[in-house]
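Notes to accompany the following structure.
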Amino acid sequence: MMAPAATALGFELRILVEGEDVSAVSAVPNAPVGDYKDLAALLEFSQGLDVMTFDHEHVPAEHLHELIAAGVNVQPGPDALINAQDKLVMRAAIDRLELPNPEWASVDDVEALIAFGDKTGWPVVLKTPRGGYDGKGVRIVGSADEAAETADWFEAMSPLLAEAKVEFSRELSALVARTPDGDSRAWPVVHTIQVDGVCDEVIAPAQDIPLEVAAAAEDAALRIANELGVTGVMAVELFETPGSGSGFLINELAMRPHNTGHWTQDGSVTSQFEQHLRAVLNLPLGATDVLGSVVVMKNFLGGENTDLFSAYPAALAAEPAAKVHCYGKSVRPGRKIGHVNLVGASVADVDGLRERASTVANIIRNGRPSGTATGLPMPSGLTEENA
């Protein structure tokens, strides 16, 4: 999704891919195959680059230090990225910055987990510090008896992160970008709706959020970016906690373009993908104003329909204002395969926008609108062969 922005600005992208069949290859022709965990492959890939950046946080930090020592311009650098790679490091950093954290602890074994739960109250949230995403590597532990069943997690990785389970009204995301020179900009704080640990919808800006809470959340994200030396786009995922001193708690960090920022493709003057390119190249950042009064993004996951394009005539006819972004991934149940953006002229449009975006997403996902038993008829002039 960075490719269109790069083309518009005249930048050439090169992507290290894990296989020739990954979706990025169709967007970026210069896509050598290699293993991001292989230092030799990274060094070879880096030759001639003006800057190396990431679409996930899993490149080993020691490799990034080696790349920098070899003269590669790595953005964001490993000292910043480690806070997105390791949740224990991140929690300590948030404490150090005196920003609102849930109660947490590093736990080495079942006994330490039980001691934490007895202290803070049950249930608690147990997380793997590294590698988790979209609800993976997260486990709700309801009691000391349930904690005794987590021994296999400690055998696989130790220490783990234990957090007090947060009572919150909704989830939010604060998206910012920062250049190596320290120029930074923020988009409005958005409301994110999660289903089974996966981002399902985003409403931008978040509706009915107290102005002081939105401002404090935006300031916290900018402070994290500046204090940790982040470059590029960063998403700070938040819990809204009415009645608490700050009105929010920090959940997680992502130092890359993020699902909660996909609305910016059609709903902001500058998309997160263009902004990330500008930021890591140390160019002036673009404006982050919202286009329209409200924007809704709706994800669609793999479902019944494996031939997504066959549903396009019905989906696009159902909502001409919708902007569909399909990732070119093979369809698997529960896998993120695309999203729909809709921009509204009035905040009163929120419920209608959500319904309209969901209609388009459901047609593509299932080959029919939600609730219908059979697929929609093919529009005149199209057949299964040429649709």
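A compact table of results
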read-out: Pairs where the first residue, in region 183-194, is within 11 Å of residue 239 (Cα to Cα) and the second is small (Gly, Ala, Ser) and part of a strand (DSSP E or B), C-beta under 6 Å, 6+ apart; value: 192/173
read-out: Number of positions in region 25-67 that are touching a residue at least 12 places away in the same chain (Cβ under 8 Å), of a type in the set (Gly, Ala, Ser) and more than 21 Å from residue 180 (Cα to Cα); value: 5
read-out: Flag for residue 45 being aromatic (Phe, Trp, Tyr) and farther than 30 Å from residue 340 by Cα; value: yes
read-out: Number of positions in region 223-250 that are surrounded by fewer than 20 Cβ atoms within 10 Å (Cβ to Cβ) and either over 18 Å from residue 82 (Cβ atoms) or out of contact with any Asp or Glu (no Cβ under 8 Å at 6 or more places or on another chain) (or both); value: 10
read-out: Residue list for region 175-215, restricted to those being touching a helix residue (DSSP H, G or I) at 6+ places or on another chain (Cβ under 9 Å) and closer than 26 Å to residue 106 by Cα; value: 198
read-out: Hey, residue 283 surrounded by fewer than 17 Cβ atoms within 10 Å (Cβ to Cβ), of a type outside the set (Gly, Ala, Ser), touching a helix residue (DSSP H, G or I) at 6+ places or on another chain (Cβ under 9 Å) and under 30 Å from residue 177 (Cβ atoms) or not; value: yes
read-out: Total residues in region 324-353, condition surrounded by fewer than 19 Cβ atoms within 10 Å (Cβ to Cβ), over 19 Å from the mean Cα position of the chain (by Cα) and either modelled with pLDDT of 95 or more or not assigned by TED's automatic domain parsing to the domain that holds residue 205 (or both); value: 3
read-out: Single residue of 128, 120 found to be under 20 Å from the mean Cα position of the chain (by Cα) and in the same structural domain as residue 155 (by TED's automatic domain parsing); value: 128
read-out: Residue match in region 71-80 (condition: of a type in the set (Gly, Ala, Ser), exposed (fewer than 15 other Cβ atoms within 10 Å of the Cβ) and over 16 Å from residue 35 (Cβ atoms)); value: yes
read-out: Which numbered condition residue 386 misses (of (1) farther than 24 Å from residue 136 by Cβ; (2) at pLDDT 95 or above); value: (2)
read-out: Any hit, region 88-103, residues being surrounded by 15 or more Cβ atoms within 10 Å (Cβ to Cβ) and more than 26 Å from residue 217 (Cβ to Cβ); value: no
read-out: Residues (of a type in the set (Gly, Ala, Ser) and in a loop (DSSP other than H, G, I, E, B)) located in region 95-113; value: none
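Residue-by-condition table, conditions (1) in contact with a strand residue (DSSP E or B) (Cβ under 7 Å, 6 or more places away or on another chain); (2) under 18 Å from residue 365 (Cα atoms):
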site: 273; (1), (2): no, no
site: 311; (1), (2): no, yes
site: 322; (1), (2): yes, yes
site: 332; (1), (2): yes, yes
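The values are calculated or read from the model by the stated rules, or taken from the named source; none is laboratory data. The structure presented is a predicted model; accordingly, all values stated were derived computationally and were not measured. When we count neighbours, we look across all protein chains shown, and the Cβ atoms used for this are built from the backbone with ideal geometry, even at glycine.
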